[in-house]
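Novice: Dumping the structure here so I can ask a few things about it.
Every number here is computed from the coordinates shown, using simple stated rules; none is lab data. On a predicted model such as this, the values are computed, not experimentally measured, just so you know. Backbone-built Cβ (ideal geometry, glycine too); neighbour counts: all protein chains shown.
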Amino acid sequence: MTFAEPTTRQRWKWRAVIFACAAVATLPLALKGASCGQDFDFHLQSWLAVAVQWRHGVLYPRWIEAANYGAGEPRLVFYPPFSWMLGATLGTVLPWNLAPIAFTFLVLAASGLSMNKLASRWLPPNAAAAAACAYLLNPYCLFVAYERTAYGELAAGIWLPLIVLYTLRQTNQIIPLALAIAAIWLTNAPAAVMASYAVAAITLWIALHLRSWKPILPVAASYLLGIGLAGFYLVPAAYQRRWVEIARAIDPGMRFSDSFLFEHTGQTYHDQVLRTASWIFLAMLIAIAITGAISWRRRRFVLPIFAAAGILLALQLPASSFVWNHGPELQFLQFPWRWSLVLSIVFAISLALAIRFPTGKLLKKPFPLQITLTLAAAIAMAAIANHFFWQFCDDEDAVSAQLALFHSGSGFEGTDEYTARNAGKDTDNSLIQQSLPQVRVLNQPQAETAENPAQPNPDYTADPAAEVEVPAQIAIQTWQPESKSLAIATPSPAYAVLRLVDYPAWQVRLNGTPIPNRPHREDGLMAIPLQPGPNRIDIAYAATPDVLLGRILTTLSLATLIAIASRKRHNVS
């Protein structure tokens with residue numbers, strides 16, 4: 001079905017409706033302050049750390065120095081860059097207490113615009129705008145924005161409608177689909193995995209419908225090109241998983257089997273979140289069933305909607321365990337209800353179709369009526385988000401407290417799955433004591449370690465059979481997040497134990513000589529052997545071979561994309 005091309009004025013009129021919906025959805029945050037949801041600390045800490053790195057001239061940081069109480073972790077190697085770059089940018093140009101609110105508004109507005117572009121394929125401008133508002137105001141989106149504050153997943157909602165749109169197109173989709181695929185991998189890895197399966201399912205459906213395998217080739221080319229464009233992030237993230245304890249991301253309570261619909265684990269907080277997510281999923285399914293029934297006579301639209309909803313429902317049930325166990329990377333989605341992000345697209349399209357069909361009367365009413373009804377719905381959904389999802393900030397979680405903690409230099413707790421495996425051995429970053437000096441000089445690398453990891457701040461205990469401290473003169477010349485230089489003079493052989501988690505990407509030189517093999521400490525801190533006399537230590541976070549390979553892959557993919565675009569432009573002219 002095609003519609004008359006809207007004028008520029010009409011486009012901006014309906015875009016204004018979408019921006020208004022995003023503004024209303026964010027209004028409780030503007031009035032009450034940021035919601036301190038489940039992942040709020042994680043993201044705000046990352047944004048603050050990136051802003052500091054930028055001030056040091058590191059444009060693409062990989063190391064969060066403040067993690068592990070100042071010993072650091074390679075978080076930014078593994079967490080995609082879009083959300084932390086946007087958050088750090090907003091925090092740089094705005095007061096930090098406004099950055100999460102601005103982030104939420106911009107992401108919701110962008111998600112609405114992308115959904116509008118998808119819906120415009122089948123619906124007139126006013127109905128497409130309704131679909132856009134339904135998408136950004138749906139309960140799962142607001143649950144992610146308010147209760148989970150999973151900003152990376154929230155931002156992934158920008159790209160999913162575009163990926164669906166460009167996969168459905170049969171012509172001229174290679175470049176836009178590749179860009180959308182790259183964008184979602186650079187935004188949120190679980191959402192990118194879901195998008196990959198969605199692309200495969202849609203492409204297979206098209207191929208079966210057309211009884212031809214030809215549609216598979218351009219989509220496969222687009223996907224490979226998109227993966228290549230994101231190679232600078234993906235290759236290091238994939239390769240360096242062997243250097244951290246990434247499997248901790250799916251410890252008990254974080255496994256897919258713990259989060260099927262209304263599963264009960266006995267963990268109060270987990271079960272509470274799961275119950276909310278389960279009701280949201282069911283509520284959207286019921287809405288899809290009702291709106292689908294209203295639009296039933298337009299079966300060419302409704303049947304794919306019901307099929308998609310049925311598949312997504314099946315993935316929420318224990319019977320789908322075989323798929324979760326054997327599907328590539330599916331286990332790292334952790335929570336089956338994350339598929340609600342994809343279901344949100346189905347929900348929005350189904351709702352807009354029901355309003356448009358079968359009579360089409362409602363959305364043919366004058367613009368003021370539709371904007372009134374739309375904003376009324378937006379206000380209702382914002383009120384629901386405010387009442388059920390908004391999370392109160394404890395004193396230690398408030399933005400002001402986080403800023404004070406960050407600037408105090410005391411740091412914060414590390415992330416389990418980013419715990420470095422020093423020298424190929426497991427480490428325990430819970431053994432890292434708070435308020436450690438930047439350097440200690442000991443007679444043995446393990447002469448002083450923490451013995452009680454059950455405590456949040458374990459004491460370091462000296463080996464009673466050894467003289468622990470070695471008299472030394474220490475001069476710290478540079479101590480930046482990704483580069484450090486210091487001079488140590490010691491009268492006898494000793495070990496410099498740094499407040500720095502050891503990691504293979506650290507390039508360490510002692511008096512100009514590389515020190516690739518360093519002693520292993522159970523807490524993962526870096527220990528460097530010292531010679532009697534003066535010692536100069538230079539430490540730099542280096543670009544490892546996998547990083548260089550990723551950059552090469554991105555460069556080649558970008559060159560390929562430019563060549564394809566140039567060829568198309570030449571053919572058109």
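Novice: Around Trp54, under 14 Å between beta carbons, what's the net of Lys plus Arg minus Asp minus Glu among the other residues?
Specialist: Numbers: positive: Arg55, Arg62; negative: Glu65, Glu482.
Residues close to Trp54 contribute a combined charge of 0.
Novice: Give the range of the longest stretch in the chain that excludes all trypsin sites (Lys or Arg not before Pro) found in loop regions by DSSP and having at most 12 other beta-carbon atoms within 10 Å.
Specialist: Excluding the exposed sites themselves, the longest stretch runs over 1-210.
Novice: Taking the convex hull of the alpha carbon atoms in segment 20-389, what volume per residue do you get, in Å³?
Specialist: Dividing the Cα hull volume of segment 20-389 by its residue count gives 147 Å³.
Novice: Based on DSSP, what percent of beta bridges with both residues in the chain are antiparallel, to the nearest 5?
Specialist: Just about 95 percent of them are antiparallel.
Novice: With a sphere of radius 9 Å drawn around the Cβ of Pro125, what net charge do the other residues whose Cβ falls strictly inside it have (Lys, Arg +1; Asp, Glu -1)?
Specialist: Net charge around Pro125: +2.
Novice: Give the cysteines in the chain for which no other Cys Cβ lies under 4.7 Å away, or write none if there are none.
Specialist: Within the chain, the cysteines lacking a partner Cβ under 4.7 Å are Cys141.
Novice: Determine the sum of side-chain charges near Ala178: Lys and Arg each +1, Asp and Glu each -1, restricted to other residues whose C-beta is under 14 angstrom from that of Ala178. Let's see the in-between values first.
Specialist: On the way: positive: Arg169, Lys568; negative: none.
Around Ala178, the charge tally is +2.
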